Amino acid sequence: MKIAMIGTGYVGLVSGVCFSDFGHEVVCVDKDATKIAKLRDGKVPIFEPGLEALMARNVAAGRLSFTLDLAEAMRGADAVFIAVGTPTRRGDGHADLTYVMAAAEEIAHALDHYAVVVTKSTVPIGTNRKVAETIRAANPAADFDVASNPEFLREGAAIDDFMRPDRVVVGVETERAKKIMADVYRPLFLRDFPVVYTGLESAEMIKYAANAFLATKITFINEIAALCERVGADIKAVSKGMGLDGRIGNKFLHAGPGYGGSCFPKDTKALARMGQDHASPIQIVESVIKVNDEIKRRMIEKIEDLCEGSCRDRTIAVLGVTFKPNTDDMRDAPALTIVPALVGAGAKVRVVDPEGRREGEQLLPGVRWMEDAYSAAEGASVLVILTEWNEFRALDLQRLARTMADPRMADLRNVYAPADARAAGFTHYVGVGR
Ligand code: NAD
C-alpha cells in the first residue's frame, strides 16, 4: 500500500510513522518548511515518547519520507489522509475547516489516479461529503472515494494507542474504498482489533460523541469532588468505589483542575454548536463546557485561599503546565487560565515543566522558568502541582518544605496523601475533593 499523509502534527506524524511500521510506504506532507526540514534531519518536532526511534527505523527501511510537495506524496498513493488541524473557529465555537478544505482543494488538483481521500482530522458531521464536493468541483474528472477515519489516540501514549486501539472506525460508502481501508488496517485486523464500518455521518459523530462523553465523565467527577470538599467525603475513595462498578469503569474518574488539551475543549464546543444549529441542543455538553470553566476558576480560588486571600508578592512554584504529562502540548491547558490569573494577582510565579517550556515561554509571560521542583520551591510560599509528570510524583516533600519560606501545597492532581504532606512539614495542604 502507498499512503500520503497530509499534516505532520500529533496525529498525522504518529499515524504516518505507525502506518510505515505496518509495512506500508508512507510519504508525509506538511506546509511548514521548518517541520519538514527537522523531520528529514531525523528529528521529531513534538514530544511524543518512542516516536523518534520508530520514525528512524522506518526511514532507514526506506518506507517513510517527508516532503513539502503534495503532488509528489500523492504519486501512486492508494489512500490520501487528511490529518490537519480543526481548531475552534474564532467567535462562534464551530470547528474551523479552513485547513481541511484547503487540503481537499490541493488533493483535487494532484489527483490523477483512483485514490481514497480519508479524513482523519476530527470534523463536524457532513464534512466528508463537503470534502467530496470540493474535490469534484475543482476536478470533475477525479476518480476517488472519501472515507471518514477519526483518530482516538492520546498524546503521550500515541504509539501504543495507534498500534493497539480499542477500535478503528471507518466510514465508507463504496466497496472499493472499504477494501482499501481494510488493506490499510489489515495488520491490526489480523491481531483482532475491532474495525467498525459505518456510513460517513456515523463515523464523524462517533468521534464527537466519544470525546464529549469523556469530557462529561471528567467534569462529573470534578463536580462530585467539589461537593466532597463540603461534606467531608474523599473523592479518591469515591472514585474507587464508583469505578469498580463495571458499568462505570475506573478510567477518567480522577478529579483534577478541569480538562484541557487540543481535543476536549474544541470538540465539546463544536458538538454543542452542531446541536444548536440542528435545533437539537446537547444540553449536557453545554453544561459540561460551562462547569469545566468554573472548575478551572475554582482552582485559582484554592490557591488564593492558601495565600490567605491575596497572592500579591507571594512566590508561587507551579509544577507542570502541559495539559497532561508526557506531552509538550499546551493547547487549552488549565495552566493557561490558572497561571496568568496568579501573575495578574501580583504573585511571583515560578514554573517547571519537563517538556512544556518551548511552547509555554510564549504563552505564559511574566513567569520565571526553573530547572526542577526543588529550585522552584526554594523560598516560595505555595507549591502548586498542576500536571502530574512522573518526576513530580515522588518528590522529597521534607526537602521541599525545608527550603520553602512558608510550606503550603495545592495538589491539584491529588498526587500526595494530605497526612504525608503535613508530616513532611507542609503547614497547609489542599487537594481536589478531599
Ligand atoms: P497539529 O496542529 O499538531 O498538526 C496539524 C499539521 O497540519 C500542522 O503541522 C500543519 O502545518 C499541517 N497542515 C495544515 N494544513 C496543511 C496543508 N494544507 N498541507 C499540509 N500540511 C498542512 O494538529 P493535531 O493535534 O495533529 O490534530 C489534527 C487533527 O486530529 C485535528 O482535527 C484533531 O482534532 C484531531 N485529533 C487530534 C488528537 C490529538 O491528541 N492531538 C487526537 C485525535 C484526533
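So which residues in the range 23-56 are in a loop (DSSP other than H, G, I, E, B) and within 18 Å of D328 (Cα to Cα), if there are any at all?
Scanning the range 23-56 gives K43, V44, P45, I46, F47, E48, P49, G50.
Any residue in the range 139-155 that's closer than 15 Å to H109 by Cα and among the small types (G, A, S): show its pairings with residues that are modelled with pLDDT of 95 or more and away from the ligand (no atom under 16 Å from the Cβ) at Cβ separation under 8 Å, as long as the two are six or more apart or on different chains.
Pairs that qualify, where the first residue is closer than 15 Å to H109 by Cα and among the small types (G, A, S) and the partner is modelled with pLDDT of 95 or more and away from the ligand (no atom under 16 Å from the Cβ), are A142/R136.
Answer yes or no as to whether G85 is in contact (Cβ under 8 Å) with a residue 60 or more places away in the chain and assigned by TED's automatic domain parsing to the domain that holds V131. Can you show your working first?
Numbers: in contact (Cβ under 8 Å) with a residue 60 or more places away in the chain: yes; assigned by TED's automatic domain parsing to the domain that holds V131: yes.
It is true that G85 is in contact (Cβ under 8 Å) with a residue 60 or more places away in the chain and assigned by TED's automatic domain parsing to the domain that holds V131.
Suppose we keep only residues that are free of Cβ contacts under 8 Å to residues at least 60 places away in the same chain and within 16 Å of the ligand (Cβ to nearest atom) within the range 326-359. Which one would you say is surrounded by the most Cβ atoms within 10 Å (Cβ to Cβ)?
The residue in question is G356.
So if I check each of A421, A405, which one is free of Cβ contacts under 8 Å to residues at least 60 places away in the same chain, more than 18 Å from V321 (Cβ to Cβ) and either over 30 Å from the mean Cα position of the chain (by Cα) or surrounded by fewer than 22 Cβ atoms within 10 Å (Cβ to Cβ) (or both)?
Just a single option satisfies the conditions, and that option is A421.
Please work out if Y208 is outside the structural domain of V170 (by TED's automatic domain parsing), crowded, with 22+ Cβ neighbours inside 10 Å, under 21 Å from V172 (Cβ atoms) and not basic (K, R). Quick ask: steps written out before the conclusion?
On the way: outside the structural domain of V170 (by TED's automatic domain parsing): yes; crowded, with 22+ Cβ neighbours inside 10 Å: yes; under 21 Å from V172 (Cβ atoms): yes; not basic (K, R): yes.
So Y208 passes the test.
Being assigned to a loop (DSSP other than H, G, I, E, B), in contact (Cβ under 8 Å) with a residue 60 or more places away in the chain and acidic (D, E) is the filter here; which residues of the range 217-262 pass it?
Of everything in the range 217-262, just one residue is assigned to a loop (DSSP other than H, G, I, E, B), in contact (Cβ under 8 Å) with a residue 60 or more places away in the chain and acidic (D, E), namely D234.
Would you say A108 is more than 13 Å from the ligand (Cβ to nearest atom), surrounded by 18 or more Cβ atoms within 10 Å (Cβ to Cβ) and either touching a residue at least 60 places away in the same chain (Cβ under 8 Å) or not in a loop (DSSP other than H, G, I, E, B) (or both)?
Details: more than 13 Å from the ligand (Cβ to nearest atom): no; surrounded by 18 or more Cβ atoms within 10 Å (Cβ to Cβ): yes; either touching a residue at least 60 places away in the same chain (Cβ under 8 Å) or not in a loop (DSSP other than H, G, I, E, B) (or both): yes.
Answer is no for this residue.
Take the range 2-39 and flag every residue that is on the phi > 0 side of the Ramachandran plot and surrounded by fewer than 24 Cβ atoms within 10 Å (Cβ to Cβ).
Matches in the range 2-39: G23 only.
Taking into account only those residues within the range 260-286 that are small (G, A, S) and over 20 Å from the mean Cα position of the chain (by Cα), which is farthest from the ligand (Cβ to nearest atom)?
My answer is A279.
Step by step: first the residues of the range 368-387, then only those that are within 14 Å of V321 (Cα to Cα) and in contact with a Leu (Cβ under 9 Å, 6 or more places away or on another chain), then the one that is surrounded by the fewest Cβ atoms within 10 Å (Cβ to Cβ). Which residue is that? Steps first, answer last, please.
Taking the range 368-387 as the starting set, the residues that turn out to be within 14 Å of V321 (Cα to Cα) are 368-373, 376, 383-387.
In the following step, the residues that additionally are in contact with a Leu (Cβ under 9 Å, 6 or more places away or on another chain) were identified as 373, 376, 383-387.
Values: A373: 22, A376: 24, L383: 28, V384: 28, I385: 24, L386: 27, T387: 28.
Once the filter is applied, the top-ranked residue is A373.
Given the structure, is D92 of a type in the set (D, E), in the same structural domain as E72 (by TED's automatic domain parsing) and within 13 Å of the ligand (Cβ to nearest atom)?
no
Just wondering, is there one or more residues in the range 40-58 that are surrounded by fewer than 23 Cβ atoms within 10 Å (Cβ to Cβ), of a type in the set (F, W, Y) and more than 21 Å from E355 (Cα to Cα)?
no
Give the residues of the range 1-20 that are touching a Phe, Trp or Tyr at 6+ places or on another chain (Cβ under 9 Å) and more than 12 Å from the ligand (Cβ to nearest atom), sorted by residue number.
M1, I3, V17, C18, F19
Considering only the range 121-210, give the helices (runs of 4 or more DSSP H) lying wholly within it that have at least 2 residues that are more than 26 Å from A270 (Cβ to Cβ) and modelled with pLDDT under 95.
Where helices (runs of 4 or more DSSP H) fall fully within the range 121-210 and carry at least 2 residues being more than 26 Å from A270 (Cβ to Cβ) and modelled with pLDDT under 95, they are 175-190.
Return the only residue of V84, V59, V100, V116 being of a type in the set (V, I, T) and assigned to a strand (DSSP E or B).
Working: V84 fails: assigned to a strand (DSSP E or B); V59 fails: assigned to a strand (DSSP E or B); V100 fails: assigned to a strand (DSSP E or B).
None of the others qualify; the one that does is V116.
Would you mind stating whether V80 is within 14 Å of the ligand (Cβ to nearest atom), under 26 Å from N326 (Cβ atoms) and surrounded by 19 or more Cβ atoms within 10 Å (Cβ to Cβ)?
Considered against the rule, which asks whether it is within 14 Å of the ligand (Cβ to nearest atom), under 26 Å from N326 (Cβ atoms) and surrounded by 19 or more Cβ atoms within 10 Å (Cβ to Cβ), V80 comes out as no.
Looking at the range 66-74, can you tell me whether even one residue there is over 25 Å from the mean Cα position of the chain (by Cα) and more than 16 Å from the ligand (Cβ to nearest atom)?
Looking for residues that are over 25 Å from the mean Cα position of the chain (by Cα) and more than 16 Å from the ligand (Cβ to nearest atom), one finds none in the range 66-74, hence no.
The values are calculated or read from the model by the stated rules, or taken from the named source; none is laboratory data. Since we're looking at a predicted model, the values are computed, not measured. Backbone-built Cβ (ideal geometry, glycine too); neighbour counts: all protein chains shown.
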